[in-house]
Amino acid sequence: MYEAKTSAIHSNAVITAIGTYVPDRILTNADLEKLVDTNDEWIMQRTGIQERRIASDNQFTSDLCFAAVHNMIERYAVTVTDVDYVIVATSTPDAIFPSVASQVQAHFGMNSSGAMDLQAACAGFAAGIQLANGLLLSGAYRKILIIGAETLSKITDYTDRTTCILFGDGAGAFLMEASNDGQGNVIAVHSKTDGAQGHMLYRSSLAPMLGEHPIQTNGLIVQNGREVYRWVVTQVAAGVCELLERSKLTTTDIDWFIPHSANMRIITSLCESTGFSIDQTLTSIRAFGNTSAASIPLAIDEAVKANKIKPGQLMLLYGFGGGLTQAGVVLRWSL
Ligand code: UT7
């Protein structure tokens, strides 16, 4: 039925494999109670986060990417040596350059592959899918690896109780290939950025100012939680509705809503204002916290492993965060 209604954009991109990885070390709410003045009840009630995974001192974003891709190869028996392009969405690269994507290219011996990191914060994975769809459709490439990966624990201020309770580490990968019949999985896309509010959520590096706003330069995450929350429940909710309109679908046509796992309270508000039910919403928030660019593939993979998602089902992925930026995709699942 949805076939007749969906002609929003062209696509020849088919998802052919998924893989994920999270580090072994668990940081519980009880552990956080020992670091800052907080408690499990407050964290659960305000965020829905029970625990997060934390990379070891010598484990970096590239290591999480390698593990997620190995997981994908083991489960779907795909080859990656012939990948044409690697895109890694991350805000926590091991270094500014070389890119994490370059390290993935080398690690897997993708000898004729291009590589780049994409920085769109928590919107990065959905932005990566948008980009991959365009590159495949252009005919320039036939096989693209998109990874959302973060080691946010390395840039989290564990003396700031308003942020340290939120963030965790993880990685998720999609393999996307050009179909031979020209039929792809991407149905609609939407992006929107409000750069004037960039100082509401940032990780500083060299500049002491963001626009007209003086910022901290200690290299850690700083967030005005209330303002970001307000932006999500108004602007991001509007963006989800815009994406639905572009797809010519309704919330009942969509099988699965996968918003960025920022916080369960935000997700509940987003559901209320967009019309999605909590039952059709997939998150990775309880067990992994906010893993930024990794949160959407982690949520999808949990549901894939639980046999919830079936081939042919429709899903709406929506990332939002630092920038402030948002990016979403409506997809037909093909695995
Ligand atoms: O992925 C990027 C997108 N980011 C987000 O989506 C985050 C958006 N923001 C939020 O999720 C929420 O703003 C937070 C979870 C970060 C904070 O929740 P809130 O309900 O907005 O709390 P608040 O900042 O308004 O603070 C309420 C109270 C304050 O105490 P007073 O001033 O009322 O006495 C805070 O000091 O809660 C206090 N508080 C805490 N108490 C216990 C703040 N953090 C904590 C804490 N434990 N960890």
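The values are calculated or read from the model by the stated rules, or taken from the named source; none is laboratory data. Since this is a predicted model, take the numbers as computed values, not measurements. Here the Cβ is made from the backbone with ideal geometry for all residues, glycine too, and neighbour counts use every protein chain on show. Remember, those area values only see protein heavy atoms, side chains included, never the ligands or the DNA or RNA. Shrake-Rupley method; radii C 1.70, N 1.55, O 1.52, S 1.80 Å.
Is it the case, given these coordinates, that ARG230 is within 16 Å of the ligand (Cβ to nearest atom) and either over 18 Å from the mean Cα position of the chain (by Cα) or assigned by TED's automatic domain parsing to the domain that holds ALA126 (or both)?
yes
Only one residue in VAL80, VAL14 is of a type in the set (A, V, I, L, M) and assigned to a loop (DSSP other than H, G, I, E, B), so which one is that?
Testing whether each residue is of a type in the set (A, V, I, L, M) and assigned to a loop (DSSP other than H, G, I, E, B) leaves just VAL80.
What number of residues in the stretch 17-31 are in a strand (DSSP E or B) and aliphatic (A, V, I, L, M)?
Qualifying residue count, the stretch 17-31: 4.
What is the residue count in the stretch 100-155 for residues that are at positive phi and of a type outside the set (A, V, I, L, M)?
Number of matching residues: 2.
List the pairs whose first member sits in the stretch 314-335 and is within 27 Å of GLN183 (Cβ to Cβ), whose second member is among the polar types (S, T, N, Q), and whose Cβ atoms are under 6 Å apart, counting only residues at least 6 apart or on separate chains?
Taking only residues 6 or more apart or on different chains, the pairs are ALA327/SER191; VAL330/SER247; LEU331/ASN185; ARG332/ASN185; TRP333/GLN313; SER334/ASN185.
For the stretch 133-147, name all the residues that are in a helix (DSSP H, G or I), touching a residue at least 24 places away in the same chain (Cβ under 8 Å) and either surrounded by 24 or more Cβ atoms within 10 Å (Cβ to Cβ) or not aliphatic (A, V, I, L, M) (or both).
Once the filter is applied, which keeps residues that are in a helix (DSSP H, G or I), touching a residue at least 24 places away in the same chain (Cβ under 8 Å) and either surrounded by 24 or more Cβ atoms within 10 Å (Cβ to Cβ) or not aliphatic (A, V, I, L, M) (or both), the stretch 133-147 yields ASN133, LEU136.
From the list GLY168, GLY184, GLY195, which residue is within 16 Å of the ligand (Cβ to nearest atom) and open to solvent by 10 Å² or more (accessible area, probe 1.4 Å)?
Of GLY168, GLY184, GLY195, the one residue that is within 16 Å of the ligand (Cβ to nearest atom) and open to solvent by 10 Å² or more (accessible area, probe 1.4 Å) is GLY195.
I'm trying to understand the selection: among the residues of the stretch 103-129, which are open to solvent by 40 Å² or more (accessible area, probe 1.4 Å) and either within 16 Å of the ligand (Cβ to nearest atom) or in a helix (DSSP H, G or I) (or both)?
Of everything in the stretch 103-129, those that are open to solvent by 40 Å² or more (accessible area, probe 1.4 Å) and either within 16 Å of the ligand (Cβ to nearest atom) or in a helix (DSSP H, G or I) (or both) turn out to be GLN103, GLN105, ALA106, HIS107, GLN119.
Of all residues in the stretch 227-261, which are within 16 Å of ASP194 (Cβ to Cβ) and charged (D, E, K, R)?
GLU227, ARG230, GLU242
Show me the strands (runs of 3 or more DSSP E) found entirely inside the stretch 184-284 where at least 2 residues are under 18 Å from ALA299 (Cβ atoms).
By residue number, 256-259.
Here is a yes/no grid of residues against (1) among the hydrophobic types (A, V, I, L, M, F, W, C); (2) modelled with pLDDT under 95:
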residue	(1), (2)
CYS122	yes, no
ALA132	yes, no
LEU152	yes, no
TYR158	no, no
ILE165	yes, no
ALA173	yes, no
ASP181	no, yes
GLY184	no, yes
VAL189	yes, no
